[in-house]
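Shown next, in structure tokens, is the structure this report addresses.
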Amino acid sequence: MVITKSRLVLGATVVTLSTIAITSLINHSRGQALFKASPKELVDEVWQIIYRQYVDGTFNQVDWPAVRKEYLNKSYSNPQEAYKSIREMLKKLEDPYTRFMDPEEFKNMQVDTSGELTGIGITIGQDEKTKQLVVIAPIDDTPAFKAGILAKDVVLEIDGKSTKGMNTNDAVALIRGEPGTKVRLKILRNGQTKRFEITRARIEIHPVRYSERQTSIGKVGYIRLNQFSANAAREMQDAIRKLENKQVSGYVLDLRGNPGGLLQSSVEIARMWLDKGTIVSTIDRQGEQDREVATGRALTDKPLVVLVDKGSASASEILSGAIQDNNRGVIVGTQTFGKGLVQSVRPLEGGSGLAVTIARYHTPSGKDINKHGIDPDVKVELSDKQRQDLWLHEREKLGTLADPQFAKGVEILGKQAAQNTTTSNKN
């Protein structure tokens, strides 16, 4: 199977769905028939994909040929035995983003073309040091968001079951469920435990929201990007063009709480803001770089501020890193999540699937942000209370001058406009 850029994602496991576009799925019934004949073939298929594509040629210091011998010497009488062995095999890599999905889990990862999802609306990952399940970000206006779940919350229990030693696939299976049913989460936040009971729902997600804000420096375009889904670039293009027609003086692009998504979506959106320069470099196991660059087709050159926080991950970090390193705009907020790995998702025989880490990405200046993130140019911290009040109880203030990070962005835009006027007068 040829891997295209539309299938490359940036290391986030989404509880409601995946933002992965998979277009050439294996015929399910045919795959099941083949799989029943030889479960061992699936074990070897997964081993082979890791052997050919995994980002680290040492397999994180694991003797991968010995692993193959170990697991192919076993007998498998049913699919579940093979699934268990595959998960054990992948666990040896100690990479939470390289993961196997059984048919049901893989089906749940696929993008629903109607745009309607079922779940509570959080993005989760596994902390590479502690191995704990961590909330990357709640998705705007979803049950988890409205309940008060925050980025970096540690998920301790799901419906009373401890998550210690649990992988993201198992967590997803427990959190999912029919609309109207409830799930109970025990969360650790800043040393304190909190309990939430959240009702699952059908969720319609539009990745881009925008508006014109009247400020002391004139009209400012405010664009909030929730995730880098397949239709995010189209919606972003529409937002910029409409705001340009309103003759805004500058832009505030809000990536706070954006957990990422498709690599190509982040590249396409970066090209709307950057007229020239490198956007991102991906480095595979041979050290070969695939550079994405601007194409001279930016939709605007007006002053730009980008808002980020600890929930801004992966594709959000690519976009903010490209803007920062090319001096296209000013990054405001707090340090981002720190996820610099690229996954490819593969359908397997029997309807199952595999996500495998195939590359690392660097910002244009060569920074590897994995486990560190993007440092803002201007740091503006919000307390947990401020964040909860702003994002949950006083939502109407988000993206207004009552929002401290947005207000700082407007202040910066005003200074940039003044500098541009001074330069213009000198010329």
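The values are calculated or read from the model by the stated rules, or taken from the named source; none is laboratory data. Here the structure is a predicted model, which is why all the values come from computation and not from measurement. All Cβ positions, glycine included, derive from the backbone under ideal geometry; neighbour counts span all protein chains shown.
Filtered by the rule that a residue be free of Cβ contacts under 8 Å to residues at least 60 places away in the same chain and farther than 14 Å from I279 by Cα, region 305-339 gives V306, I331, T334, Q335, T336, G338.
On the stretch given as region 39-61, residues that are assigned to a helix (DSSP H, G or I) and free of Cβ contacts under 8 Å to residues at least 12 places away in the same chain total 2. Collect the residues in region 155-207 that are farther than 18 Å from V134 by Cβ and assigned to a helix (DSSP H, G or I), keeping them in residue-number order. Residues satisfying the conditions do not exist here. Looking only at region 275-284, decide whether some residue is farther than 30 Å from S383 by Cα, hydrophobic (A, V, I, L, M, F, W, C), at pLDDT below 95 and not in a loop (DSSP other than H, G, I, E, B). Yes, region 275-284 contains a residue that is farther than 30 Å from S383 by Cα, hydrophobic (A, V, I, L, M, F, W, C), at pLDDT below 95 and not in a loop (DSSP other than H, G, I, E, B). With respect to the conditions (1) over 30 Å from I217 (Cα atoms); (2) surrounded by 22 or more Cβ atoms within 10 Å (Cβ to Cβ); (3) among the β-branched types (V, I, T), V308 lacks only one, and its number is (1). Could you run through region 377-406 and say how many residues are part of a loop (DSSP other than H, G, I, E, B) and either closer than 22 Å to N190 by Cα or more than 23 Å from the chain's Cα centre (by Cα) (or both)? Here the count works out to 9.
Residues are listed down the side, and each one gets a yes or a no for (1) hydroxyl-bearing (S, T, Y); (2) at pLDDT 95 or above; (3) touching an Asp or Glu at 6+ places or on another chain (Cβ under 6 Å):
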site	(1), (2), (3)
G148	no, no, no
D153	no, no, no
S162	yes, yes, no
T168	yes, no, no
V172	no, no, no
G177	no, no, no
K186	no, yes, yes
R195	no, yes, no
E204	no, no, yes
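Here region 393-408 is the region considered, the condition is being more than 21 Å from T336 (Cα to Cα) and in contact (Cβ under 8 Å) with a residue 24 or more places away in the chain, and the residue that is surrounded by the fewest Cβ atoms within 10 Å (Cβ to Cβ) is L401. Criterion applied to R271, R234 was being without any contact (Cβ under 8 Å) to a residue 12 or more places away in the chain, of a type in the set (D, E, K, R) and either more than 24 Å from R360 (Cβ to Cβ) or not in a loop (DSSP other than H, G, I, E, B) (or both), and the one residue passing it is R234.
In region 333-368, the residue that is surrounded by the fewest Cβ atoms within 10 Å (Cβ to Cβ) out of those that are in a loop (DSSP other than H, G, I, E, B) and within 14 Å of the chain's Cα centre (by Cα) is G338.
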